[in-house]
Amino acid sequence: MFEYDEIFKIDSVKLLISVVIGALLGAEREYRSKSAGFRTIILICVSATLFTILSYNIGGPGSHDRIAANIITGIGFLGAGAIFRYNDKVSGLTTAVTIWSVSAIGMAIGAGDYNLAFIVTAVVLVVLLVFSKLEYSIEKVNKVRSYTITFSKSRSIEVIEGTFSESKLKFKNTRLRISHTISSGTWETQGRPEAHHKLLDMLSKDEEIISIDV
């Protein structure tokens, strides 16, 4: 009975730690209004911890990984649900990876490796909070944009792409449709914000360009 009480106390502490860590990481996701927010991240962390505890309690000698191994598969489905694609752009990757990381932290807690769980939690928080500012700074220097341009048949593609070059933007054509009357193309561009402003200014003055979608 004494041994059972000790095990119960240890498992309760593990679950409490997973709630706290899940709350820390979930608060950041909730603050940024992500699909997997405060409660979701807590539940993922607690569930991963509990499954790992059960894996140790239920599994026989040498088979402690039986339940734990399936946590990875289940989390894969949750992460996939957070990822979506719209207009050739992929969103939700950071949230999906956060879900993956939280489950790994929960498994570490369930296995009793607290030091590893705390270290990874600190690393994830630094990446989500500090590196996001660094990412924003990089984006200000090097902005990526997609331009869909509709133009008349008399305007050559070389002239349009020459405008990209003149604006000092790196570019890649991803789609091109040519007809007898009007044509359209999509270009992925990369460069400084002022280069994008210059490009838009030059394109807007071109009378052969019908529309520009950014």
Of I210, F77, G106, which is farthest towards the positive pole of the chain's charge dipole, taken about the Cα centre with +1 and -1 on the beta-carbons of Lys, Arg and Asp, Glu respectively? I210
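Take the Cβ-Cβ distance between V97 and S184 as r, set R0 to 35 Å, and report the resulting FRET efficiency rounded to the nearest 0.05. Before the final figure, lay out the partial values.
Values: r = 35 Å, r/R0 = 1.00.
After rounding, the FRET efficiency stands at 0.50.
If you average 1/r over every pair of different alpha-carbon atoms in the chain and take one over that average, what Kirkwood value in Å do you get?
Values: mean 1/r = 0.0480 Å⁻¹.
Taking the inverse mean of 1/r over all distinct Cα pairs, the chain comes out at 20.8 Å.
What helices does the chain have that are whole DSSP H segments, at least 15 Å long along their own axis by Cα, and with mean Kyte-Doolittle hydropathy of 1.6 or more? Don't jump to the answer; show the numbers that get you there.
Numbers: long enough: 2-31 (44 Å, 0.56); 38-58 (30 Å, 1.67); 65-81 (25 Å, 0.95); 93-110 (26 Å, 1.53); 114-141 (39 Å, 1.55); 193-204 (17 Å, -0.38).
Flagged H segments are 38-58.
Using 0.36 nm per residue of separation minus the Cα-Cα distance, give me the extension gain between K205 and V127 in nm, one decimal. Write out the running numbers ahead of the final one.
Numbers: separation 78, 0.36 × 78 = 28.08 nm, distance 4.27 nm.
Stretched fully, the K205-V127 segment lengthens by 23.8 nm.
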D (Stokes-Einstein, µm²/s), Kirkwood Cα radius, region 142-213, 1.306 mPa s at 10 °C: 132 µm²/s
Pulled fully out, how much extra length does the chain show between E158 and V214, if you take 0.36 nm times their separation in residues and subtract their Cα-Cα distance? 18.2 nm
Place a +1 charge on the Cβ of each Lys and Arg in region 112-183 and a -1 charge on the Cβ of each Asp and Glu, then give the dipole magnitude about the Cα centre in debye, rounded to the nearest 20. 440 debye
Summing +1 for each Lys or Arg and -1 for each Asp or Glu, what net charge is found among the other residues whose Cβ lies under 13 Å from the Cβ of G22? +1
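Computed from the coordinates by the stated procedures, all read-outs in this text should not be read as laboratory data. A quick note: this is a predicted structure, and the numbers were derived from the prediction, not measured. Note that each Cβ is placed from the backbone with ideal geometry, even for glycine, and that neighbours are counted across all protein chains shown.
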